[in-house]
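See below for the structure under consideration.
The values are calculated or read from the model by the stated rules, or taken from the named source; none is laboratory data. Since the model is a prediction, treat every value here as computed from it, not as a measurement. Reconstructed Cβ throughout: ideal geometry from the backbone, glycine too, with neighbour counts over all protein chains shown. Keep in mind that these areas ignore ligands, DNA and RNA; they rest on the heavy atoms of the full protein, side chains included. Shrake-Rupley method; radii C 1.70, N 1.55, O 1.52, S 1.80 Å.
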Amino acid sequence: GELGAEALRQGNHQVVEMSYQRKKDFDRLSFLYMLTGDSEKLRKMLKISNMRNDIMGRYHNALLLGDAEERVAVLEASGNLPLAYISAKLHGLEDTAERIKVAIETQEGSVDGLLDKIPVGTKAGGRLLQPPTPIVRAGNWPTLEIKKTTLEDLSAADADYEEEEETHAATATDTAASGAAWDNDFALEDDADLGGGDDDGFGDDDAWGDDLDDLGDDFGDDAAAAIATDDMAGLDQISDDAGFSMPTAGRPAAGCWAANSSHAADHMAAGGASSAMQLLHRQIAASDFSTLKNSMVGCYLGATVSLPGVPGSGSIVVPLMRNDASGHPGNDSLPRTSYTLKNLVGGVRQGYRLFQTGKFNDAKACFSDVLTQIPLTVAENRKDAKELVELVEVCREYITAIRIKGAMSEAAANPVRSTELSAYFTHCNLQPVHLLLALRSAMGTAFKNKNYITAASFARRLLELPDMRSERNADLRNKATKVLQKSEQMARNEHNLNYDESRSFQID
């Protein structure tokens with residue numbers, strides 16, 4: 001699977017071996033053992049193939065091991081006695097060759113002339129086939145250590161700083177708890193030994209004298225009143241930056257879309273027409289964007305929704321996201337595109353219906369629309385991506401067929417050109433029901449223009465189609481049979497055509 005492919009790309013042979021073993025991919029596992037020079041495990045694969053009665057697996061493993069005796073045994077077990085005899089003779093296994101010769105003659109066969117067709121001893125003759133010897137029998141490929149980036153270093157530093165702050169906070173908590181315990185001890189000591197009372201041993205207050213009378217009556221009450229009066233005066237000294245501060249603005253959705261994706265549809269949904277055109281030029285070599293204009297505008301308009309506000313206020317533009325099923329994705333958001341694989345398949349089916357009813361211009365418009373929407377469609381997985389590639393081929397083939405059909409109408413007065421175009425029309429990769437119509441038209445055109453050999457080839461291809469066996473095509477089957485019989489009787493072509501069905505060609 002994907003794990004084995006990625007591990008093979010990185011040279012991790014152990015992971016590749018485990019992946020192939022889990023999937024029971026015996027052919028690739030044998031090839032891996034051959035590349036790594038593990039002959040013992042390759043020999044075990046030969047035993048496994050023998051237990052599974054896998055003839056081809058046994059022969060392949062015998063080839064990879066260079067075991068000539070095993071190859072002869074496999075050929076003999078599979079009933080290919082002449083090949084087994086030839087292989088035994090070429091590899092010098094005389095005893096085995098004699099035994100196989102007896103078996104062939106027992107079955108009323110003969111070995112005479114089997115080795116005459118093999119030029120032994122020349123460059124064109126047989127050679128002893130041995131597996132290649134691995135130069136390096138080490139394990140995994142060496143890997144290069146990658147240093148951390150600046151962002152990773154900063155993240156690690158922030159984590160250390162947070163851990164240090166947690167340590168300081170825990171130390172301060174322990175210190176405060178210890179101080180509270182010491183304060184309680186002092187409180188108990190004060191209550192027990194330093195508590196006041198009449199029996200504390202200090203005697204009457206008069207024994208100390210009364211020196212407070214000399215202090216006078218001026219204790220600064222006016223100054224205290226002045227200070228109490230100016231409590232609000234400090235408000236004039238508050239700085240401007242001590243007020244409310246706005247929170248930091250987040251990234252807009254369009255900015256996240258362009259940063260999180262390299263797909264042209266996501267850039268176009270974010271309003272980045274320039275970057276979207278650059279991506280299309282780099283990915284599919286697009287140069288003329290006039291045909292893609294409507295699809296690109298639709299992709300931009302389909303990524304947002306406008307909600308009307310209260311009277312007198314503007315509308316609210318809300319971005320639509322395709323990865324918000326489990327909650328708001330935040331800065332990892334991606335836009336919801338207006339073109340989906342389901343819509344494209346529906347457009348192709350509509351083109352099929354128009355093509356079958358003979359509305360070729362409308363069918364061409366349908367396939368062209370689908371073709372311009374495919375570059376702006378986001379595939380959810382590999383399966384969808386493969387289907388998009390297949391849709392491109394379908395649209396291309398049908399547009400080419402419709403162009404040929406239009407040229408046939410223009411060249412109707414020229415029998416040579418019309419016959420050639422009708423012949424090329426049958427080589428477009430169409431659906432079976434549409435190919436049936438194309439072959440019927442080409443057969444009629446060639447027969448009418450007295451190119452009977454060409455008409456006979458079209459009739460044969462038409463009769464070979466599976467749809468011709470149904471009852472609804474019984475009349476067409478009879479007509480094709482009559483055309484084939486008549487054309488084989490005439491066996492000539494009135495006109496020389498620039499067309500040879502036996503030669504491979506590609507229609508653009």
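Residues of the range 288-309 that are of a type in the set (Ser, Thr, Tyr) and either in a loop (DSSP other than H, G, I, E, B) or within 26 Å of the chain's Cα centre (by Cα) (or both): 290, 291, 295, 300. Of note, residue 294 satisfies the criterion of being loosely packed, with under 14 Cβ neighbours inside 10 Å, closer than 14 Å to residue 268 by Cα and touching a residue at least 40 places away in the same chain (Cβ under 8 Å). Taking into account only those residues within the range 469-478 that are outside any loop (DSSP other than H, G, I, E, B) and of a type in the set (S, T, N, Q), which is surrounded by the most Cβ atoms within 10 Å (Cβ to Cβ)? Among those that are outside any loop (DSSP other than H, G, I, E, B) and of a type in the set (S, T, N, Q), it is 473.
Contact map, the range 101-118: first residue outside any helix (DSSP H, G or I), second residue open to solvent by 40 Å² or more (accessible area, probe 1.4 Å), Cβ cut-off under 8 Å, separation 6 or more or different chains; pairs are 109/82; 111/82; 111/101; 111/105; 114/82; 115/89; 118/90; 118/126. The selection criterion, being touching an Asp or Glu at 6+ places or on another chain (Cβ under 9 Å) and in contact (Cβ under 8 Å) with a residue 40 or more places away in the chain, does not hold for residue 411. Of the residues making up the range 374-383, those that are crowded, with 17+ Cβ neighbours inside 10 Å and assigned to a helix (DSSP H, G or I) number 3. Taken over the range 398-420, the residue count meeting the criterion of being open to solvent by less than 30 Å² (accessible area, probe 1.4 Å) and under 21 Å from residue 362 (Cβ atoms) is 7. For first residues located in the range 303-316 and surrounded by 10 or more Cβ atoms within 10 Å (Cβ to Cβ), partners that are among the small types (Gly, Ala, Ser) and outside any loop (DSSP other than H, G, I, E, B) and lie 6+ apart or on another chain with Cβ distances below 8 Å form the pairs 303/269; 315/306; 316/306. Does residue 356 meet the test of being touching a helix residue (DSSP H, G or I) at 6+ places or on another chain (Cβ under 6 Å) and open to solvent by 40 Å² or more (accessible area, probe 1.4 Å)? Judged against the criteria, residue 356 is not a match. If the condition is being touching a residue at least 60 places away in the same chain (Cβ under 8 Å), among the small types (Gly, Ala, Ser) and over 30 Å from residue 382 (Cβ atoms), then the range 317-363 contributes no residue at all.
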